[in-house]
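The values are calculated or read from the model by the stated rules, or taken from the named source; none is laboratory data. The model shown is predicted, which means the values in this text are computed figures rather than measured ones. A quick note on method: Cβ atoms are made from the backbone with ideal geometry, for glycine too, and the neighbour counts reach across all protein chains shown. For the accessible areas, the whole protein counts, side chains as well, though only heavy atoms, and no ligand, DNA or RNA atoms are used. Shrake-Rupley method; radii C 1.70, N 1.55, O 1.52, S 1.80 Å.
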Amino acid sequence: LARALVNDHVMGILGREMHAPVPAVSLVNIPAALDQRSAGAQALPAGVAHGSHYMPDASKVREGIKNFDIAINRPRFAILAIMYGWAGVQSDHQFFYQDGTNAVYSFDHGHFFPNGPNWTPSGLKSAPAAVPDPVITKKCGLRGVGLDAAKENLRLISDATIARAVGAPPDQWLISMEYRVALAMYLDARRLNLLS
């Protein structure tokens, strides 16, 4: 569970920094009174957790890739193709859509990176080269100029931004310095790979 929180939090920060359509994220405190694990419900333990901005005017269920043919979503899906490709998403494409406009947003990034929440430094090093996400690009028919424009959003990410994002998860989420450094190096190398 802790590594999924790390993934979700890091990619939430980086997604916002590159102006991807993702909700704002922050660290939230879950008081002991709300810890429902003893009741059998799936809940986070008390303490510091990952939180994302609640969007009351958006669909409440996980949805696939749709509404990609409307003007508002073409650049949004292009940025998401770059973001997902940067992270090396293998599956778990999750989107929701704003009521009225059908604007796409990405959420729940806990299974990002190779092997999702079970990634290791060695697994990151052996990952294939970064390319725009093939699931999104194929379904949306994205290529060429649209993706090149979206790559400019990735150019907004600096080494310092990556370091800040990877340093943001609290120590109680059990991510060591070795893993933080490996993740930062992975993200930096893939960012440069996509931009070249």
Checklist entry - For the chain, with the dipole built from +1 on Lys and Arg beta-carbon atoms and -1 on Asp and Glu ones, taken about the Cα centre, which of P75, Y179, N7 lies farthest toward the positive end? => result P75
Checklist entry - So how far apart, in nm, are the two label points at N118 and K138 if each is 7 Å from Cα heading toward Cβ? => result 2.4
Checklist entry - Under a 1.4 Å probe, what is the accessible area of the chain per residue, stated in Å²? => result 50
Checklist outcome for this item: Checked against the structure, the computed Cα extents along the principal axes in Å among (1) 50, 41, 25; (2) 44, 43, 31; (3) 67, 45, 41 is the one labelled (1)
